[in-house]
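Chemist: One structure follows; several queries about it will come next.
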Amino acid sequence: MKRRSFIKSSFAASAALASGGLVHASASPNQVAKLEKNNFKLKYAPHFGMFKHNAGDDLLDQLQFMADAGFTAMEDNGMKSREISMQEKIASKMAKLGMEMGVFVAHTIYWKEPSLTSGNQEKLDLFLKEVKESVDVAKRVNAKWMTVVPGFVTLRKDMGYQTANVVNALRRASEILEPHDLTMVLEPLNFRDHPGLFLNKIAQGFEVCKAVNSPACKILDDLYHQQIHEGNLIPNIDLAWDEIGYFQVGDNPGRKEPTTGEINYPNVFKHIHEKGYTGIVGMEHGNSKPGKEGELAVIQAYASVDQF
């Protein structure tokens with residue numbers, strides 16, 4: 001049996017069991033009814049490694065598995081660091097599968113020292129250089145969005161000056177991205193997992209994006225981070241709607257798939273769907289259970305919260 005045929009057969013068998021799917025009474029143990037492909041209403045985007053136990057280590061096989069399960073998008077934070085030949089292979093495979101590319105990280109993120117907040121010219125120059133490089137990556141992999149994190153706070157400067165420095169840097173970056181119809185999405189991160197970062201609230205991201213005033217600068221609303229930092233998810237989505245360009249998800253506590261924590265994802269997904277969101281929802285989380293069954297549980301979780 002060919003490898004991909006074996007993968008599909010194994011997936012169908014395991015998924016039928018995991019989701020309560022039926023096996024025809026007359027079927028032998030090796031003739032399991034084929035799994036129905038999910039028809040998700042939103043463009044949920046897994047990442048490489050999420051389904052490697054079922055699909056194997058090969059990235060193209062992982063993309064095939066995602067598509068076979070019904071996912072129509074994929075995101076890869078580390079895309080920029082991959083070999084150009086691999087970027088091209090990934091893009092070609094995704095095009096054949098009809099999958100959209102989600103975010104990748106556009107620049108060096110400073111987790112422990114000031115960067116864009118400081119006004120330091122060397123840090124600014126490096127940031128702009130990396131954004132220019134990311135334009136080439138985005139074109140190569142057919143991406144529209146790239147993640148930007150302004151970095152650590154500058155403890156010896158008032159927040160007003162830091163905000164002005166960040167806005168200036170993002171305006172300069174927007175000038176690079178606008179001609180290519182690309183968008184950087186700013187990700188507010190929670191204080192528990194990433195203490196000391198400048199950007200941590202949706203309202204703050206809204207303020208910065210309004211000041212930058214460019215279609216190339218929007219918010220990445222990661223609902224896992226926002227549940228920890230401020231909650232009030234749906235009202236903040238509504239208030240910042242015009243400046244939100246991308247969503248990522250993960251449940252809290254644990255940062256695993258929806259249904260494993262406290263966030264009411266059926267309501268949240270229903271809300272953004274009814275508001276007309278047609279962008280990507282990045283699956284920025286781990287799997288709550290190990291191995292093949294854990295991976296199938298992730299798929300089943302998304303199928304269960306997509307019922308609206």
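Chemist: On full extension of the chain, what length is gained from Leu155 through Asn120, given 0.36 nm per residue of separation minus the C-alpha to C-alpha distance?
Modeler: Numbers: separation 35, 0.36 × 35 = 12.60 nm, distance 1.40 nm.
Separation in residues times 0.36 nm, less the Cα-Cα distance, equals 11.2 nm.
Chemist: Going highest first, how would you order 235-242, 209-216, 186-193 by mean Cβ packing within 10 Å?
Modeler: The densest-packed peptide leads the list: 186-193, 209-216, 235-242.
Chemist: Now for a different question. Run the dipole for the chain about the Cα centre, Lys and Arg Cβ at +1, Asp and Glu Cβ at -1, nothing else charged, and hand back the magnitude in debye, nearest 20. Provide the component values of the computation, followed by the final result.
Modeler: Numbers: 35 positive and 37 negative charges, 141 e Å.
Here the chain has a charge dipole of around 680 debye.
Chemist: Also: Once the other residues with Cβ under 10 Å from the Cβ of Gly205 are scored (Lys, Arg +1; Asp, Glu -1), what is the net sum?
Modeler: Details: positive: Lys201, Lys210, Lys218; negative: Glu187, Glu207, Asp221, Glu243.
Value of the local net charge: -1.
Chemist: List the relative contact order of segment 38-305 as a percent without decimals, with contacts defined as Cα pairs under 8 Å and 6+ residues apart. Each step should come with its number before you reach the end.
Modeler: On the way: 493 pairs, mean separation 48.3, N = 268.
18 percent.
Chemist: Given 0.36 nm per residue, what is the gain on full extension from Asn232 to Glu293 after removing their alpha carbon distance, in nm? Walk me through the numbers before you get to the answer.
Modeler: On the way: separation 61, 0.36 × 61 = 21.96 nm, distance 3.29 nm.
Residue separation times 0.36 nm, minus the Cα-Cα distance, leaves 18.7 nm.
Chemist: Still on this structure, I have one more. How do the peptides 52-58, 257-263, 78-84 rank, highest first, by the average count of neighbouring beta carbon atoms within 10 Å per residue? Before the final figure, lay out each step's value.
Modeler: Details: 52-58: 17.1, 257-263: 20.0, 78-84: 14.6.
Peptide ranking by packing, descending: 257-263, 52-58, 78-84.
Chemist: Let me ask another. Using alpha carbons only, how many angstrom separate the centre of segment 200-224 from the centre of segment 236-272?
Modeler: 16 Å
Chemist: If you project the alpha carbons of the chain onto the principal axes, what extent comes out on each, in Å, largest first?
Modeler: 72, 42, 33
Chemist: Give the average over all directions of the projected area of the C-alpha convex hull of segment 150-230, one decimal, in nm².
Modeler: Values: hull surface 20.6 nm².
Here the figure is 5.2 nm², rounded to one decimal.
Chemist: I've got another one for you. What does the net charge come to around Asp306 if you take all other residues with beta carbon closer than 10 Å to its beta carbon, with K and R at +1 and D and E at -1? Display every interim value, and only then the final one.
Modeler: Numbers: positive: Lys41, Lys270; negative: none.
In short, +2.
Chemist: Relative to the first principal axis of the alpha-carbon coordinates of the chain, what is the inclination of helix 3-18, with its axis defined by its Cα atoms, in degrees from 0 to 90 and to the nearest 10?
Modeler: Here the helix axis deviates by roughly 90 degrees.
Chemist: With Cβ to Cβ distances under 14 Å as the rule, what net charge do the other residues near Glu178 carry (K, R +1; D, E -1)?
Modeler: Working: positive: Lys132, Lys144, Arg171, Arg172, Lys218; negative: Glu175, Asp181.
Net of charged neighbours comes to +3.
Computed from the coordinates by the stated procedures, all read-outs in this text should not be read as laboratory data. Please read these numbers as outputs of a predicted model, since none were measured by experiment. Cβ sites come from the backbone with ideal geometry, for glycine too, and all protein chains shown count toward neighbours.
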